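Report on one structure; see the data block that follows.
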Amino acid sequence: MRGRCSRPRMMSQNQKSIGVFDSGLGGLTVLREIHRQLPGENLIYFGDTARVPYGNKSSATIIRYSREIVRFLLARDVKAIVVACNTASSYALDAIRDMTDIPVLGVIDPAVRSLTHKAKAGSVAGLIATKGTISSGAYEKALKGNHGSQQLISKACPLLVPLIEEGYAESKAAELILRDYLEPLAAAGTEYLLLGCTHYPLIAITILRLYPQFKLIDSAEETAIELRTLLSDRGLMRDAQAASVELFVSDMTDSMRALQQLFFQSNVDKFEVAQVGDDH
Ligand code: DGL
């Protein structure tokens with residue numbers, strides 16, 4: 001029609017979605033927290049369920065997978081990316097930041113910043129995470145970068161992810177395994193314990209039952225707080241009452257549906273398979 005502008009209207013930056021990804025569905029603990037703290041934001045999540053776990057893979061593989069997923073999110077024109085996976089945050093943040101100018105937030109720095117604010121200088125802090133995250137030294141690096149003087153004692157806990165996914169987070173088996181992992185940290189005088197893996201908020205109750213003296217730092221919560229500040233500082237906040245949550249996974253089985261409920265604990269607008277790949 002004459003006189004009417006036929007050019008498609010560009011979506012303003014703050015109306016766009018936030019992209020969040022993880023090696024699988026554990027990152028839904030981070031998504032849930034973002035959704036709780038920023039209910040007006042549209043969220044697009046990618047869980048690499050065909051290739052999970054990342055926690056015992058090489059850095060080159062983790063970087064390649066992460067780049068493939070980021071390409072998927074960038075194709076959906078997201079305004080910011082949250083790397084919900086601790087293992088991917090440990091290895092792939094620089095590679096991701098090289099791909100885009102939009103803000104990219106990992107889960108390690110927010111957790112470490114919270115530790116440096118809360119814990120006394122020179123005190124002992126514990127870190128539990130996957131083997132990959134622990135051997136990357138990413139938390140130590142982040143602590144140094146944030147001028148933290150706390151002494152970090154870390155422990156890889158590879159049995160916790162399968163235990164939690166199989167519904168054993170509050171079982172006797174979990175208690176036995178946790179004691180084995182956490183006793184040295186308790187003996188060293190740990191006050192704050194960093195939960196350095198997407199899954200661990202689900203085992204927090206059992207940890208506190210065994211070690212009530214620990215104060216837990218949950219990276220999901222801290223990351224959502226920093227994301228809110230980042231969006232607000234850059235004028236990127238979407239001021240709306242309602243928003244959509246869309247989940248994409250690289251493989252779908254019945255157990256993925258169960259994990260979606262376990263980690264996100266409410267319904268989503270979309271939950272479907274999408275392929276990523278060919279990082280050339
Ligand atoms: N999402 C991973 C993390 O936070 C845990 C599961 C995995 O090993 O891929 O490190």
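Per the conditions (1) within 18 Å of the chain's Cα centre (by Cα); (2) surrounded by fewer than 19 Cβ atoms within 10 Å (Cβ to Cβ), the sole criterion not satisfied by residue 53 is (2). The set of residues from the stretch 153-168 being small (Gly, Ala, Ser) and either under 18 Å from residue 257 (Cα atoms) or surrounded by fewer than 20 Cβ atoms within 10 Å (Cβ to Cβ) (or both) comprises 154, 167.
Quick one: which helices (runs of 4 or more DSSP H) sit completely within the stretch 92-192 and have at least 3 residues that are of a type in the set (D, E, K, R) and closer than 29 Å to residue 228 by Cβ?
Numbers: elements: 108-118, 131-136, 138-145, 160-165, 172-187.
Where helices (runs of 4 or more DSSP H) fall fully within the stretch 92-192 and carry at least 3 residues being of a type in the set (D, E, K, R) and closer than 29 Å to residue 228 by Cβ, they are 108-118, 138-145.
Within the stretch 35-59, how many residues turn out to be outside any helix (DSSP H, G or I) and within 14 Å of the ligand (Cβ to nearest atom)?
If we filter the stretch 35-59 for residues that are outside any helix (DSSP H, G or I), which is where we start, we get 38-58.
So of that shortlist, the ones also within 14 Å of the ligand (Cβ to nearest atom) come out as 45-58.
Residues flagged as outside any helix (DSSP H, G or I) and within 14 Å of the ligand (Cβ to nearest atom) within the stretch 35-59 amount to 14.
Look at the stretch 49-66: where a residue is of a type outside the set (Ser, Thr, Tyr) and a partner is away from the ligand (no atom under 11 Å from the Cβ) and in a loop (DSSP other than H, G, I, E, B), sitting 6+ places away or on another chain with Cβ atoms under 7 Å, you get 50/250; 50/251; 51/250; 64/279.
If the requirement is being surrounded by fewer than 24 Cβ atoms within 10 Å (Cβ to Cβ) and within 10 Å of the ligand (Cβ to nearest atom), which of these qualifies: 131, 141, 118? Break it down into steps so the answer makes sense when it comes.
On the way: 141 fails: within 10 Å of the ligand (Cβ to nearest atom); 118 fails: within 10 Å of the ligand (Cβ to nearest atom).
On inspection, the qualifying residue turns out to be 131.
Answer with yes or no whether residue 207 is free of Cβ contacts under 8 Å to residues at least 40 places away in the same chain, in a helix (DSSP H, G or I) and touching a helix residue (DSSP H, G or I) at 6+ places or on another chain (Cβ under 7 Å). Considered against the rule, which asks whether it is free of Cβ contacts under 8 Å to residues at least 40 places away in the same chain, in a helix (DSSP H, G or I) and touching a helix residue (DSSP H, G or I) at 6+ places or on another chain (Cβ under 7 Å), residue 207 comes out as yes.
Looking at this structure, is residue 224 surrounded by 11 or more Cβ atoms within 10 Å (Cβ to Cβ), among the aliphatic types (A, V, I, L, M) and free of Cβ contacts under 8 Å to residues at least 24 places away in the same chain?
Taking the combined requirement at face value, the residue does not satisfy it.
Specify which of the listed residues (103, 110) is away from the ligand (no atom under 16 Å from the Cβ) and not hydrophobic (A, V, I, L, M, F, W, C). Break it down stepwise before answering.
Working: 110 fails: away from the ligand (no atom under 16 Å from the Cβ).
Result of the check over 103, 110: 103.
Name the single residue that is surrounded by the fewest Cβ atoms within 10 Å (Cβ to Cβ) among those in the stretch 60-86 being away from the ligand (no atom under 11 Å from the Cβ) and assigned to a strand (DSSP E or B). Taking the candidates together, the pick is 80.
Have a look at 89, 12 and point out the one that is of a type outside the set (A, V, I, L, M), farther than 25 Å from residue 218 by Cα and either within 16 Å of the ligand (Cβ to nearest atom) or out of contact with any strand residue (DSSP E or B) (no Cβ under 8 Å at 6 or more places or on another chain) (or both).
Numbers: 89 fails: farther than 25 Å from residue 218 by Cα.
The match here is 12.
Within the stretch 176-190, the set of residues being over 17 Å from residue 129 (Cα atoms) and touching a residue at least 24 places away in the same chain (Cβ under 8 Å) comprises 188, 189.
One line per residue, one yes/no per condition, for (1) aromatic (Phe, Trp, Tyr); (2) within 18 Å of residue 95 (Cβ to Cβ); (3) in contact with a helix residue (DSSP H, G or I) (Cβ under 9 Å, 6 or more places away or on another chain):
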{"site": "23", "(1), (2), (3)": "no, yes, yes"}
{"site": "32", "(1), (2), (3)": "no, no, yes"}
{"site": "46", "(1), (2), (3)": "yes, yes, yes"}
{"site": "50", "(1), (2), (3)": "no, no, no"}
{"site": "54", "(1), (2), (3)": "yes, yes, yes"}
{"site": "59", "(1), (2), (3)": "no, yes, yes"}
{"site": "63", "(1), (2), (3)": "no, yes, yes"}
{"site": "67", "(1), (2), (3)": "no, yes, yes"}
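FYI, it's all coordinate maths here, none of it is from the lab. This is a predicted model, so every value here is computed, not measured. Note that we place each Cβ from the backbone using ideal geometry, even for glycine, and neighbour counts take in every protein chain shown.
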